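All remarks here apply to the structure that follows.
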Amino acid sequence: MATFFITGTDTDVGKTLVTRALLQGLSAEGLACAGYKPVSAGCEPTPEGLRNRDALLLQQAASVALPYEWVNPFAYAPPIAPHIAATQAGQPIDEAGITAGLRRIEGSSADWVLVEGAGGWHLPLNEHRLLSDWVAQQRLPVVLVVGAKLGCLNHALLTLAAIEQAGLSLAGWVMNRLPCGMSCYEENLATLRQRLPAPLLGEIPTLSDPDSANLREYINISLLRRARYSGSIHR
């Protein structure tokens, strides 16, 4: 069993896109994999209940079929910070429930589980706890998604410092080119290659239709598989 946590330098930097790319890459190699989006906001009401677009994309990209409620156990309608949405709904985010959901997926037929966070690294769950506290408790290795835009160097290095302060390892990172574009992209990429102590798993270009794109060509799955056995997983 290999479980990784996917975080980003900010919200809307491509965490779901990268998680899908990793799932597609693992599936292409015949590996049993599943996605887990424990907490989401901005969900749409359907006859089956609230559904989050990102969680649905992970569910579709995985090679192991799981019920939606397994993939996204804490779903809220307002497109706001999840802990605020949870308070408004009177349905608090239960950390024990997040853990139980992960154990349930790890107990399925999946050999690889990719847990996608929400927002950036320090996402509040309630008044006292952050999602990053839970990640540290679970000792999950982290994959960092860097959104290629002005300020990403600072955001990436701050996130790295917080990950290391939590006693966790950075297993790899992915550069995602955002529609806003970025000046001196190659120079910024080179700076991160020098300063981030983990392999660059891939670069994803700006895509016209990312939801239907075959993303696996942009990811080096062998580097992720190597991280599984390199001692970067503490569980």
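The values are calculated or read from the model by the stated rules, or taken from the named source; none is laboratory data. Just so we're clear, the structure is a prediction, and the values are computed from it rather than from any experiment. When we count neighbours, we look across all protein chains shown, and the Cβ atoms used for this are built from the backbone with ideal geometry, even at glycine. Note: accessible area is taken over every heavy atom of the protein model, side chains too, but ligands, DNA and RNA are not part of it. Shrake-Rupley method; radii C 1.70, N 1.55, O 1.52, S 1.80 Å.
Could you check how many residues of region 89-117 are open to solvent by 10 Å² or more (accessible area, probe 1.4 Å) and either without any contact (Cβ under 8 Å) to a residue 12 or more places away in the chain or under 14 Å from the mean Cα position of the chain (by Cα) (or both)?
Within region 89-117, residues that are open to solvent by 10 Å² or more (accessible area, probe 1.4 Å) and either without any contact (Cβ under 8 Å) to a residue 12 or more places away in the chain or under 14 Å from the mean Cα position of the chain (by Cα) (or both) number 5.
Looking for something touching a residue at least 40 places away in the same chain (Cβ under 8 Å), buried (at least 24 other Cβ atoms within 10 Å of the Cβ) and more than 11 Å from the chain's Cα centre (by Cα) - is there at least one such residue anywhere in region 58-79?
Within region 58-79, one or more residues are touching a residue at least 40 places away in the same chain (Cβ under 8 Å), buried (at least 24 other Cβ atoms within 10 Å of the Cβ) and more than 11 Å from the chain's Cα centre (by Cα).
Which of the residues spanning region 1-26 are of a type in the set (A, V, I, L, M), within 18 Å of Leu56 (Cα to Cα) and open to solvent by 10 Å² or more (accessible area, probe 1.4 Å)?
Matches in region 1-26: Leu17 only.
Mind checking which pairs have a first residue in region 1-22 that is over 10 Å from Leu144 (Cβ atoms) and part of a helix (DSSP H, G or I) and a second that is open to solvent by 10 Å² or more (accessible area, probe 1.4 Å) and among the hydroxyl-bearing types (Ser, Thr, Tyr), Cβ under 7 Å, 6 or more apart or different chains?
Ala21/Tyr218
Looking at (1) over 22 Å from Pro179 (Cα atoms); (2) open to solvent by 50 Å² or more (accessible area, probe 1.4 Å), can you tell me which one His155 breaks?
Failing condition for His155: (1).
Which one of Leu150, Leu200 is surrounded by fewer than 18 Cβ atoms within 10 Å (Cβ to Cβ) and touching a Cys at 6+ places or on another chain (Cβ under 9 Å)?
Details: Leu200 fails: touching a Cys at 6+ places or on another chain (Cβ under 9 Å).
The match here is Leu150.
Scan region 120-140 and tell me whether some residue there is assigned to a loop (DSSP other than H, G, I, E, B), within 23 Å of Leu207 (Cα to Cα), in contact (Cβ under 8 Å) with a residue 12 or more places away in the chain and in contact with a Gly (Cβ under 7 Å, 6 or more places away or on another chain).
Yes, region 120-140 contains at least one residue that is assigned to a loop (DSSP other than H, G, I, E, B), within 23 Å of Leu207 (Cα to Cα), in contact (Cβ under 8 Å) with a residue 12 or more places away in the chain and in contact with a Gly (Cβ under 7 Å, 6 or more places away or on another chain).
What residue, among those in region 123-144 that are of a type in the set (S, T, N, Q) and more than 15 Å from Pro82 (Cβ to Cβ), is most open to solvent (accessible area, probe 1.4 Å)? So that I can check it myself, show each step before the final result.
At the first step, the residues of region 123-144 found to be of a type in the set (S, T, N, Q) are 126, 132, 137-138.
Of the ones still in play, those that are also more than 15 Å from Pro82 (Cβ to Cβ) are 137-138.
Working: Gln137: 113, Gln138: 19 Å².
Per the stated criteria, the residue is Gln137.
Across region 27-51, which residue is surrounded by the fewest Cβ atoms within 10 Å (Cβ to Cβ) among those that are assigned to a loop (DSSP other than H, G, I, E, B) and out of contact with any Asp or Glu (no Cβ under 8 Å at 6 or more places or on another chain)? So that I can check it myself, show each step before the final result.
Initial filter on region 27-51 (assigned to a loop (DSSP other than H, G, I, E, B)): 29-32, 37-38, 41-43, 47-48.
From the residues that got through so far, the ones that are out of contact with any Asp or Glu (no Cβ under 8 Å at 6 or more places or on another chain) too are 29-30, 38, 41-43, 47-48.
Details: Glu29: 13, Gly30: 7, Pro38: 26, Ala41: 22, Gly42: 17, Cys43: 21, Pro47: 5, Glu48: 8.
Residue satisfying both the conditions and the ranking: Pro47.
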